[in-house]
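Derivation of every value follows stated rules applied to the coordinates shown; laboratory data play no part. Worth saying up front: this structure is predicted, and the values here are computed from it rather than measured. In this analysis, Cβ positions are derived from the backbone assuming ideal geometry, glycine residues included, and neighbour counts consider all displayed protein chains.
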Amino acid sequence: GKSDTATSSTSAIDDLISRVDLRTVVPAQLLASIGDKDWKVRNEGLEELQRIVDMNKRIDANPGEILNVVKARLADSNKNLVVSALGIMGGIATAMGKPIEKQYKFILPSVLKGTKNEENWRKVEKSG
């Protein structure tokens with residue numbers, strides 16, 4: 001059926017282009033900086049993580065602690081950092097593909113809270 005073709009094409013792509021384990025390319029100190037009390041340090045950490053996600057178009061299904069760290073920034077008092085975190089979540093979801101669905105119940109409530117503020121939506125639209 002149709003789903004067999006989709007599954008086989010996905011595995012064919014996986015055979016050609018392996019998925020990157022984010023845990024091996026994101027240093028622990030970068031994750032720590034994203035949780036720093038100084039918003040400038042958090043911002044630099046998020047920018048670096050965004051670069052890493054952008055460079056790795058295919059991410060494996062186990063991002064480890066990375067989703068927790070980014071999820072925490074969705075409640076940041078600095079709305080610009082919330083917007084950055086939303087962008088990173090989107091990048092991870094795109095790069096992960098179908099396996100991200102297993103993470104939905106874990107991340108979706110925080111994403112919705114992060115986007116409920118109309119001002120955040122305007123910033124996302126402008127940055128996109």
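What to note about this one:
- Rounded to the nearest whole Hz, the Karplus-based 3J(HN,Hα) values (6.51 cos²θ - 1.76 cosθ + 1.60, θ = phi - 60°) of region 50-62 follow the sequence 4, 4, 5, 5, 4, 6, 10, 6, 10, 10, 6, 7, 10, with x at glycine and proline.
- Region 24-95: C-alpha gyration tensor shape, a/c 1.5 cut-off, then a/b vs b/c: prolate
- Highest average packing first - 105-113, 44-52, 71-79, Cβ atoms within 10 Å: 44-52, 71-79, 105-113
- Rounded to the nearest Hz, the phi-derived 3J(HN,Hα) couplings of region 28-41 under the Karplus curve 6.51 cos²θ - 1.76 cosθ + 1.60 (θ = phi - 60°) are 4, 5, 5, 4, 5, 5, 5, x, 4, 6, 7, 4, 5, 5, where x marks glycine and proline.
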